[in-house]
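Structure record follows, encoded as structure tokens.
Every number in this text was worked out from the coordinates using simple rules, so none of it is lab data. Keep in mind the model is a prediction, meaning the values are calculated, not measured.
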């Protein structure tokens, strides 16, 4: 159990001790309004999570765009190499043969 857990339990016990002296109306109000307050807090958190997800998608799109450019450049380079291999530009015997018709 971490120090944060101990602090949380201590705070809960303190609230429960204080709640024992509350009038019944306050308890009913806490039971009715408490879930609404929790819902409002969770909606704010979900909105931040949505904004973070939008940023994540935008960053992923930029990375994918860069990767697309790299793939295109690599494909062009491999095509040039394949063309030179097919025409035997690197073989000295073939180059001599091309010069002497």
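Quick notes
- Computed from Cα positions, the angle between helix 24-86 and the longest principal axis of the chain comes to roughly 0 degrees.
- Within the chain, the proportion of C-alpha pairs whose separation exceeds 16 Å stands at 80%.
- Separation between Cα centres of the range 67-85 and the range 1-66, rounded to whole Å: 52 Å
- Tilt relative to the chain, helix 3-19 - C-alpha long axis, 0 to 90 degrees, to 10: 30 degrees
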